[in-house]
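To keep things clear, I will list the structure first and then write my remarks on it.
Every number in this text was worked out from the coordinates using simple rules, so none of it is lab data. It should be emphasised that the depicted structure is a prediction, and the values quoted were computed from it without experimental measurement. Here the Cβ is made from the backbone with ideal geometry for all residues, glycine too, and neighbour counts use every protein chain on show.
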Amino acid sequence: MRDDDIYARHQTLAALVSVLLHDLRNPLHSATLLVEAMGSRTADVEALRGRLRAQFAKLDGLISEAAGPIRELTVEPRIENVSIDDLCRAATQAAPALAGVEPRFDLPPATSTSVKVVTDAVLLSRAIAEIAASIAAQIPPPPQLSLTVDQPDVETVRVSVGNWNASVEETAAKATFAIAGGGIRLALARSLAQNAGATLRLERLDGGARFALVVRRAQ
């Protein structure tokens, strides 16, 4: 795919998301007014409920209409054999720009990261960087972050990013990878990881938690 084509896709996708977010505000505002109107003593609740359903149907229609073009504009992941060491180094280089500070990373020894995995290196390293930036926001600067690598079995490799505060708000603990729970960075990290062919989960430890990215090992 040519650079001009990728550039056009990116700009079109950004414009589409901006238009969608703008248009979602109108039915949400109308729905809010309808809910407030239901509190009136003279309100026709049944009529208002029908109008409220119509606003929710409009929201669903807007999302459905945008979903198709968004899928068409995305670029296919570049899945290949990648060194875990390269992934970790790329993530640590990207994290400072995202976190707004210079995190200190406890990196695993090179001997544990020489193994290769099957993934999209750009997407997965960005996912690790997004996780690191989310954790760094909880820690006083300069934040200290840990990266560990192990092999749970012969077919997979696990990259863990530690130091996440598991005692944060209850919504974050229950819905870590939802925007309203753990925030936009963790939601992005999970989506990026999935597109890169990996799985992302939260693992609870004594006194804290860590994020584990599980990737298929290259044969």
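Quick notes on this one:
- Percent of alpha-carbon pairs separated by more than 17 Å within region 179-219: 40
- Environment charge at ALA196 (Cβ cut-off 15 Å; Lys +1, Arg +1, Asp -1, Glu -1): +3
- Euclidean distance of C-alpha centroids, region 1-76 and region 123-140, integer Å: 29
- Projecting label points 7 angstrom from Cα along Cα→Cβ for SER83 and ILE70 puts them 3.7 nm apart.
- Taking Cβ atoms as reference points and 13 Å as the exclusive limit, the residues near PRO77 contribute a net charge of -1, counting Lys and Arg as +1 and Asp and Glu as -1.
- Using only side-chain charges placed at the Cβ, +1 for Lys and Arg and -1 for Asp and Glu, the dipole size of the chain relative to its Cα centre rounds to 320 debye.
- Less than 5 angstrom separates the built amide H of THR156 from those of ARG217, all sequence-distant by 5 or more or on a different chain.
- Point-to-point label distance, ASP44-TYR7, nm (Cα→Cβ direction, 7 Å offset): 5.7
- Average projected area [Cα convex hull, region 1-99], square nanometres: 10.3
- For the chain, the antiparallel share of DSSP beta bridges with both residues in that region comes to about 90%.
- Backbone geometry of region 150-162 corresponds, through the Karplus equation with coefficients 6.51, -1.76 and 1.60 at θ = phi - 60°, to 3J(HN,Hα) couplings of 8, 10, x, 8, 6, 9, 10, 10, 10, 10, 10, 10, x Hz, x marking Gly and Pro.
- For PHE177, the residues whose amide H sits under 5 Å from its own are GLY182, ignoring neighbours fewer than 5 places away on the same chain, with H placed 1.01 Å from N.
- Full-extension gain in nm, SER30 to ARG216, via 0.36 nm per residue minus C-alpha separation: 62.2 nm
- Mean projected area in nm² (Cα convex hull; one quarter of hull surface) for the chain: 16.0
- Given R0 = 45 Å, the distance between the Cβ atoms of ARG204 and ASP23 translates into a calculated FRET efficiency of 0.70.
- The GluC sites (Glu not before Pro) of region 114-219 that DSSP puts in a loop, and whose beta carbon has at most 14 other beta carbons within 10 Å, are GLU155, GLU169.
- The chain: most fluctuating residue of ARG201, ARG78, ARG41 per GNM, C-alpha cutoff 10 Å: ARG41
- Comparing ILE184, GLN219, VAL161 along the charge dipole axis of the chain, the residue lying farthest to the positive side is ILE184, per the Cβ-charge model.
- Axial C-alpha extent at least 24 Å, average Kyte-Doolittle at least 1.6 - helices from the chain (DSSP): none
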